[in-house]
Amino acid sequence: MLQQRYETVQAALAAASEGRYAPPRIIAVTKTHPVEELLPLEGLGLREIGENRVQEIVEKWPDLQEKFRFHCIGRLQTNKVKYIMDKVCLIQSLDRMNLAMEINRQAEKAGVVMPVLVQVSPAGEEQKGGMPPEMVRGFLQEIRQMPGLRVRGLMAVMPHTQDQQYLDGLFAGMRQLFEELRAEAIPGVEMQELSMGMSGDYLLAARHGATMVRLGSALLGPRDYGMVNK
Ligand SMILES: *Cc1c(COP(=O)(O)O)cnc(C)c1O
């Protein structure tokens with residue numbers, strides 16, 4: 001089942017991005033799925049996993065850390081940053097100044113540099129995390145000299161909607177912002193990664209040049225919602 005879903009997704013990603021962009025790589029979103037279910041991901045060559053809760057990262061890390069690299073993809077409270085500094089290879093959900101300051105502080109304390117993506121909300125849904133696109137430039141200028149973090153690109157969560165045309169425009173807008181910022185070559189800021197697309201919209205994301213898609217249910221099947229609210 002897992003293998004079949006994986007092959008379906010791979011083929012679809014390759015088809016969607018054909019010609020224009022390299023197909024995005026898949027970040028397996030493993031939230032709510034127990035460790036035993038995740039071990040087979042390794043056999044498929046999937047070595048990067050995304051979790052959105054600090055507690056789940058901390059709980060799963062001992063069993064999975066030798067096989068997988070963890071990404072933090074969910075809204076991150078500043079008082080929890082310290083628990084994941086040694087466990088994640090990328091924080092995708094940097095969306096505000098006090099969080100940047102805390103990541104920088106904890107990284108300096110640990111003597112590391114934490115790679116981050118700046119989270120954007122293209123539809124202006126700030127309650128879901130992410131800053132409006134027009135704020136990204138100013139934010140990058142403010143954080144680019146922080147020695148404890150390294151901006152590697154942008155991340156976006158799209159709104160829940162069936163309106164494909166609207167979504168298409170949002171994905172195109174993200175790619176455009178990404179390319180503009182890359183062309184500006186802001187000192188201290190890398191624009192290598194564009195993380196966008198989830199199970200419901202990853203084809204559009206691939207078509208618009210995502211470099212990573214974050215896939216939960218399309219890969220691992222439906223989530224157990226009982227666990228989400230635990
Ligand atoms: C849960 C989650 C995903 C994956 O969701 P699916 O729809 O199951 O693919 C991707 N990104 C973020 C930020 C998430 O919280």
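Close Lys pairs in the range 27-141 (alpha-carbon distance under 14 Å; sequence gap of 8 or more, or different chains): 4.
Normalised by 2.2 N^0.38 Å, where N is the number of residues, the C-alpha radius of gyration of the range 1-42 stands at 1.37. With 10 Å bins beginning at zero, the pair-distance distribution over Cα atoms of the chain amounts to 8, 34, 38, 19, 2 %.
Give me the extension gain from Met1 to Glu18: residue separation times 0.36 nm, minus the current Cα-Cα distance, reported in nm with one decimal. Spell out each step's value before the answer.
Numbers: separation 17, 0.36 × 17 = 6.12 nm, distance 2.57 nm.
My answer for the length gained is 3.6 nm.
For the range 3-71, the extents of the C-alpha atoms along the principal axes are 41, 21, 20 Å, listed from largest to smallest. Excluding Tyr83 itself, what net charge comes from residues whose Cβ is under 15 Å from its Cβ, given Lys and Arg +1 and Asp and Glu -1? Here the charged neighbours net out to +3. Quick one: longest stretch of the chain between exposed loop GluC sites (Glu not before Pro), exposed meaning at most 15 other C-beta atoms within 10 Å and loop per DSSP? In the chain, the maximal stretch lacking such sites is 126-230.
Quick note: the coordinates plus some simple rules give every number you see, no bench work behind them. Since we're looking at a predicted model, the values are computed, not measured. Positions of Cβ are backbone-derived with ideal geometry, glycine not excepted, and every protein chain shown enters the neighbour counts.
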